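Have a look at the structure below before the remarks.
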Amino acid sequence: MSLLQELRLLKAQLAAVAQVVLDDWTGDGEDPTLGAGGPCDQIARAMCVAVGERLPGVELDDGGQDGDDHAWVVVSRGDDKCGVDIPASAYEVGSGYSWRKREGVNLTWRDVAVWTL
C-alpha cells in the first residue's frame, strides 16, 4: 500500500485529533495562548503525533511556503512524499494573524486533504 493510501485511511483519526485542538481553542480573538491567531500550528503538531504513532518509520516535516501563515504537514517514507492539511477555511475565518473560530465547527474526514508531493 502506498503512503498516500495509508494516509487517506487515517483521515478520520486526523480530523478527530484536530477537533480536540479546536475544542480547546476559544476562537474569540482573546485566547490565552494564541491571542487572535489561529491554531493551525497546534493542529499540524497533533496530526504529526497521530501519523507518527500509526505509521512507524515515516519522517514528518513542516509544510508551507514563504509568506503563507498556514501550517500543514509533510510526510515522507523512502521516495514517497505527501502533504496533509486541514485548510483553515474548514474551521476559521479571518486573515493574517487575526482569526475567529467558525461557529459550530465539527471536522470530519472530508475536511482532511492528503496529496502527493
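What follows is calculated from the coordinates using simple rules that are stated; it is not laboratory data. The shown structure was predicted, so the numbers you read here are calculated from the model rather than taken from an experiment. Because the Cβ atoms are built from the backbone with ideal geometry, glycine has one as well, and the counts that use them run over all protein chains shown.
Summary of values
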item	result
C-alpha center-to-center spacing [segment 55-117, segment 1-51] in angstrom	8
Inter-site label distance for residue 69 and residue 12 at 7 Å from Cα along Cβ, in nm	3.5
For segment 105-115, 3J(HN,Hα) per residue [Karplus equation, 6.51 cos²θ - 1.76 cosθ + 1.60, θ = phi - 60°, Hz, x = Gly/Pro]	4, 9, 5, 10, 4, 5, 7, 8, 9, 9, 8
Residues of segment 1-40 with amide N under 17 Å of a point placed 7 Å along Cα→Cβ from residue 79	1-5
Nearest-20 debye value, segment 1-91 charge dipole, Cβ charges on Lys, Arg, Asp, Glu	500
Three-way shape call for the chain based on the alpha-carbon gyration tensor, with the a/c threshold at 1.5	prolate
Loop chymotrypsin sites (Phe, Trp or Tyr not before Pro), segment 73-104, which have at most 16 other Cβ atoms in a 10 Å radius of their Cβ (DSSP)	97
